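The values are calculated or read from the model by the stated rules, or taken from the named source; none is laboratory data. These numbers come from a predicted model, not from an experiment. All Cβ positions, glycine included, derive from the backbone under ideal geometry; neighbour counts span all protein chains shown.
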Amino acid sequence: LSLVPSLGATKDMGKMLGGDEEKDPDAAKKEEERQEALRQQEEERKAKYAKMEAEREVMRQGIRDKVG
């Protein structure tokens, strides 16, 4: 079993039940766009957490300056 949900799960089920598999001529293009969207989301997430961590470090340094 895959932990990642498949977008074509219903097509696979239909094929297993004896239906014909529908060919999508733009499938490769759609998959590439999906992969690019996932990469972009991951980059945005990393940037968000890097910014949050930088803000925390500024606060930590302020505390160190007061205590030290």
| message | Residue under question is E43, and the condition is that it be modelled with pLDDT under 75 and not β-branched (V, I, T); does it hold? | response | no
Sole miss for Q35 among (1) modelled with pLDDT under 65; (2) surrounded by 10 or more Cβ atoms within 10 Å (Cβ to Cβ) is condition (1)
